[in-house]
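The values are calculated or read from the model by the stated rules, or taken from the named source; none is laboratory data. Worth saying up front: this structure is predicted, and the values here are computed from it rather than measured. Cβ coordinates were reconstructed from backbone atoms using ideal geometry, including for glycine residues, and neighbour counts include every protein chain displayed. Only protein heavy atoms, including side chains, enter the accessible area calculation; ligands, DNA and RNA are left aside. Shrake-Rupley method; radii C 1.70, N 1.55, O 1.52, S 1.80 Å.
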Amino acid sequence: MRQSSDSLSHHLTDNSVVCLMAPTASGKTALAYELYDTGRYELISVDSALIYRDMNIGTAKPTTAELTRYPHHLVDIVDPMQSYSVAEFVNDVAQLIDNCHQNGKIPLLVGGTMMYYMALLDGLSPVPDSDHDVRARVEQWRQEEGIDALYEYLSQVDPASHQRLNATDTQRITRAVEVYLQTNTPISDWQAQPKQALAQNPNQQWYALGVMPDRPWLHTRIEQRLEIMWNDGLVAEVIDLLNKYPLTPNLPSMRCVGYRQVLEYLVQIEHPVFEQPHLDKAVFYDAFKTEKDTAYKNTKAESTLQILAQSSVSDAQIQALACQQMQNKALYATRQLAKRQYTWLRKVSQLSDSSVDSSINASPIDTQNALINRGIKIEMFTSMAQAKDYLQ
């Protein structure tokens with residue numbers, strides 16, 4: 001990994017665009033605040049969870065006071081039951097970058113959603129946006145017959161996507177079926193078409209700066225931050241969301257790490273919030289009854305919980321065990337998220353100016369084929385301090 005000691009402060013031109021990429025809980029936000037205080041930067045969030053209003057604790061969203069002092073674009077822009085596509089994100093960022101440059105500021109894109117960064121740096125395939133009616137039809141099909149039926153259909157109409165996608169990848173399978181029904185063209189064909197990336201703009205100089213801290217250090221940080229979230233009331237926040245919004249378990253907002261595990265816990269303890277008339281209780285219960293958690297298995301704890309539920313043990317004891325399971329699963333899921341982010345960043349660090357043309361169709365693991373030589377300056381660091389020295 002390259003660890004540059006050169007200062008970039010005298011080289012950043014007015015047309016610069018800086019991407020600060022790092023795993024969850026690594027200190028990106030704190031560095032962004034310091035850089036903002038220099039007066040040279042304007043902050044653009046690259047975080048698919050921070051876009052949601054009222055999802056504050058589980059997303060580690062800056063406080064209202066922090067957002068007032070350090071304004072972030074693309075924070076609190078949609079409600080949790082709304083969708084926000086990658087294409088919408090790219091369009092918004094394109095406009096924000098132009099606005100930043102017009103204001104005499106350098107846009108600092110900071111966050112950990114690698115899919116968003118990939119769209120900016122490598123480009124998007126010209127896949128049409130989803131049609132609302134088609135989406136509703138496919139969702140009804142999925143609920144009635146299960147994701148296996150959609151996956152089997154995909155094998156007939158889009159064998160390439162069927163082979164590429166995991167049978168449990170509900171979100172991408174559903175999207176592939178939607179695209180075919182809407183356009184009569186497989187999504188794999190759309191994805192094979194040439195892409196145009198914002199980072200290819202000849203009038204801008206893009207910097208992709210990645211930070212990959214020591215893994216044990218990051219794991220400690222993740223545990224500490226999760227402990228803060230539990231103490232600050234993440235469970236209560238999810239209950240409030242369910243009370244306020246007509247949510248479903250398969251919404252992107254409810255698949256965010258932390259929120260997903262709390263939802264499962266609330267179903268497990270049969271929380272009365274699901275009796276709300278604007279919620280479909282059966283949908284929530286079915287989602288976690290049939291959902292197979294292939295990544296994390298705590299067989300002993302699950303078995304113990306079942307035994308306790310069938311015995312005369314108090315509800316408080318059962319809830320305590322379920323709560324501990326929830327916290328364990330959230331910790332594991334967050335570590336897995338960080339692992340995927342490391343994988344993506346490691347591939348970026350291996351890129352060189354001699355990289356030749358190829359592209360990816362959604363998998364971060366194939367990133368070494370994605371970022372071809374497009375004039376993007378790529379630097380990798382092992383700490384935020386190194387990135388700070390490079391930028392100040």
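Tell me, what is the per residue accessible area of the stretch 1-123 in Å², probe radius 1.4 Å?
About 40 Å² of surface per residue is accessible.
What is the Cα convex hull volume of the stretch 135-188 when expressed per residue in Å³? Intermediate results must be reported in sequence, preceding the final value.
Numbers: hull volume 3.2 nm³, N = 54.
For the stretch 135-188, the hull spanned by Cα atoms encloses 60 Å³ per residue.
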Quiz prompt | Order of exposure, largest accessible area first, which applies to LEU124, LEU20 with probe 1.4 Å | solution = LEU124, LEU20
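Would you mind calculating the gained length between GLN224 and ASP129 on full extension (0.36 nm times residue separation, minus the Cα-Cα distance), in nm to one decimal? Before the final figure, lay out the partial values.
On the way: separation 95, 0.36 × 95 = 34.20 nm, distance 3.91 nm.
Taking GLN224 through ASP129 to full extension adds about 30.3 nm, to one decimal.
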Quiz item: Excluding ligands, DNA and RNA, what is the solvent-accessible area per residue of the stretch 128-287 at a probe of 1.4 Å, expressed in Å²?
Solution: 51
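Compute the semi-axes of the equivalent ellipsoid of the stretch 10-146, taking the square root of 5 times each eigenvalue of the Cα gyration tensor, and list them largest first in whole Å.
Equivalent-ellipsoid dimensions as semi-axes: 31, 18, 13 Å.
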Quiz item: Taking 0.36 nm per intervening residue step and subtracting the Cα-Cα distance, what contour gain separates VAL78 from THR13 on full extension?
Solution: 20.1 nm
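Which net charge results when you count Lys and Arg as +1 and Asp and Glu as -1 among the other residues whose beta-carbon is under 13 Å from that of GLN140? Intermediate values should be presented prior to the final figure.
Numbers: positive: ARG135, ARG137, ARG142; negative: ASP133, GLU139, GLU144, GLU145, GLU178, ASP280.
Computed value for this residue: -3.
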Quiz item: Out of residues 5 or more away from MET21 or on other chains, whose amide H comes under 5 Å of its own, with H placed 1.01 Å from N in the peptide plane?
Solution: LEU209, GLY210, VAL211
Exercise. Take peptides 216-223, 21-28 and line them up by average Cβ neighbours within 10 Å, highest first, as a rough protection proxy.
Key: 21-28, 216-223
Quiz item: What spacing in nm lies between the two simple spin-label points modelled at CYS323 and THR185, each 7 Å away from Cα in the Cβ direction?
Solution: 5.4
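Tally Lys and Arg at +1 and Asp and Glu at -1 over the other residues with C-beta under 14 Å from the C-beta of ARG215: what net charge comes out? List each step's numbers first, then the result.
On the way: positive: ARG221, ARG335, LYS339, ARG340, ARG346; negative: ASP214, GLU223.
Residues near ARG215 contribute +3 overall.
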Exercise. Pairs to check: LYS61/LYS281; LYS244/LYS329; LYS28/LYS61; LYS28/LYS244; LYS28/LYS347; LYS61/LYS195. Give those whose C-alpha atoms are more than 24 Å from each other in this structure.
Key: LYS61/LYS281; LYS244/LYS329; LYS28/LYS244; LYS61/LYS195
Practice problem: Take the Cα radius of gyration of the stretch 163-244 and divide it by 2.2 N^0.38 Å, with N its residue count; two decimals is plenty. | Solution: 1.79
Quiz item: What's the carbon and sulfur percent of the stretch 165-298's accessible surface, probe 1.4 angstrom, rounded to a whole number?
Solution: 48
Practice problem: Find how many whole Å separate the alpha carbon centroid of the stretch 57-136 from the alpha carbon centroid of the stretch 224-275. | Solution: 23
